[in-house]
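Student: This is the structure I want to talk about, given as structure tokens.
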Amino acid sequence: MFFPLPDNFFELLHSRYDQALADGLMKFNGDDVKNELLEVNLGNFTVNLQYSTIYSLMHRPEKGDFKANPFEDPEPELTIVENFGDKNQFRIVYNKFPVIPRHIMLLTKQFKPQTTPLSPDELVGSFTILKKLEEVDPNNKWFGFYNCGEDSGASQPHKHVQFMTLPEGFKAFPETIIEKSDAFIPNTKREPLQNANLPFAHFIAKFPSLDDMVEEDLIMYFMSLLQRTLTVLRENKSESISYNVVFTTDYMMIVPRSHGKYKDLGINSCGILGLFLFKNDELLETVKEDTPEAVWKSVGFPNTSGQESDEYHY
């Protein structure tokens with residue numbers, strides 16, 4: 001079910017990044033980044049966190065617009081693969097404002113809004129990239145994410161899926177949640193995985209091996225989790241359809257969102273996963289004083305662990 005990628009994809013990923021950074025085409029200074037890895041105990045559940053202060057994020061626009069769309073015609077120097085997908089409908093590019101080295105994105109060539117669900121070919125394209133990265137870079141743990149809707153923390157309206165590596169020593173909470181689960185597609189008889197200790201609704205499903213899946217399986221995983229998400233948004237009378245999708249080759253998680261910001265801090269999929277990104281020290285102190293639990297509770301919806309679904313749920 002996967003799309004072809006160049007045999008030298010990994011070499012391109014590294015060499016073009018180094019050149020683009022040297023030429024000043026990216027706003028990132030890794031030497032100035034301050035990282036703090038820690039743990040927080042929520043009931044009997046331990047969650048890994050990382051606080052990253054990245055001063056170069058001060059240059060990133062808070063919100064993009066349709067008139068000044070950087071994804072419509074990205075710089076060739078920031079483009080890794082110009083033609084990707086069964087109809088060459090995608091590009092793979094670097095993020096101009098990365099939060100880690102080699103922070104990359106899957107872009108639709110034709111404008112599609114960031115408020116629409118992932119289509120079948122966008123899902124296949126995303127998992128093609130992730131599977132390839134896992135094969136050629138086994139020493140790092142890669143994950144993908146999609147910020148959908150105006151309250152998801154998305155900064156650009158042109159549809160894009162992002163890919164990053166997890167910090168060394170960081171275990172994302174979905175990894176812990178799926179440890180004792182078998183692989184299954186949620187349905188009315190079996191709810192998605194959710195930990196009752198987390199202060200926000202989150203819907204997780206564990207994958208079998210991607211090699212054992214077909215495109216229809218991937219679609220069913222996504223749609224089953226999206227159904228639970230839409231139910232939460234409907235029951236809470238949300239004014240927008242906003243959610244975060246986070247995935248690895250082992251699981252997929254969707255989190256319904258109520259707000260895109262906590263005070264002055266934008267929270268996207270990274271923040272939901274426990275990777276908090278700050279552009280200045282003041283925002284870092286805000287989260288330390290208020291606690292990550294308060295942030296998650298504010299930008300999400302109440303945890304629905306233990307609630308059963310029925311045919312009236314989306």
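Student: Give all pairs with beta carbons closer than 6 Å in which a residue from region 16-36 that is closer than 20 Å to residue 275 by Cβ meets a residue that is part of a helix (DSSP H, G or I); count only pairs at least 6 apart in sequence or on separate chains.
Tutor: 26/20; 27/56; 27/59; 28/56; 29/56; 32/55
Student: In region 233-253, what count of residues is obtained for those that are within 17 Å of residue 199 (Cβ to Cβ) and either of a type in the set (Lys, Arg) or crowded, with 24+ Cβ neighbours inside 10 Å (or both)?
Tutor: So the answer is 3.
Student: With at pLDDT 95 or above and surrounded by 20 or more Cβ atoms within 10 Å (Cβ to Cβ) as the only criterion, which of 196, 205, 183 stands out?
Tutor: Exactly one residue qualifies, and that residue is 205.
Student: Could you list, in sequence order, all residues of region 154-171 that are over 10 Å from the mean Cα position of the chain (by Cα), surrounded by 18 or more Cβ atoms within 10 Å (Cβ to Cβ) and under 18 Å from residue 10 (Cα atoms)?
Tutor: 166
Student: Under 7 Å between Cβ atoms, which residue pairs at least 6 apart in sequence (or on different chains) link something in region 41-64 that is at pLDDT below 90 with a partner that is in a helix (DSSP H, G or I) and surrounded by fewer than 17 Cβ atoms within 10 Å (Cβ to Cβ)?
Tutor: Here the result reads 55/32, each pair linking region 41-64 to a residue that is in a helix (DSSP H, G or I) and surrounded by fewer than 17 Cβ atoms within 10 Å (Cβ to Cβ).
Student: Something else: Within region 224-237, work out how many residues are over 19 Å from residue 145 (Cβ atoms) and without any contact (Cβ under 8 Å) to a residue 40 or more places away in the chain.
Tutor: 2
Student: The conditions are (1) in contact with a helix residue (DSSP H, G or I) (Cβ under 7 Å, 6 or more places away or on another chain); (2) farther than 26 Å from residue 48 by Cα; (3) surrounded by fewer than 18 Cβ atoms within 10 Å (Cβ to Cβ), and residue 123 fails exactly one of them. Which is it?
Tutor: (3)
Student: Also, I was wondering about something else. When both residues are 6+ apart or on different chains and their Cβ atoms are under 7 Å apart, which pairs have a first residue that lies in region 170-195 and is on the phi < 0 side of the Ramachandran plot, and a second that is of a type in the set (Ser, Thr, Tyr) and assigned to a loop (DSSP other than H, G, I, E, B)?
Tutor: 188/309; 191/309; 193/181; 194/304; 194/305; 195/305
The values are calculated or read from the model by the stated rules, or taken from the named source; none is laboratory data. In this text, all values refer to a predicted model and were calculated from it rather than measured experimentally. Neighbour counts are summed over all protein chains in view; Cβ atoms, including those assigned to glycine, are modelled from backbone coordinates with ideal geometry.
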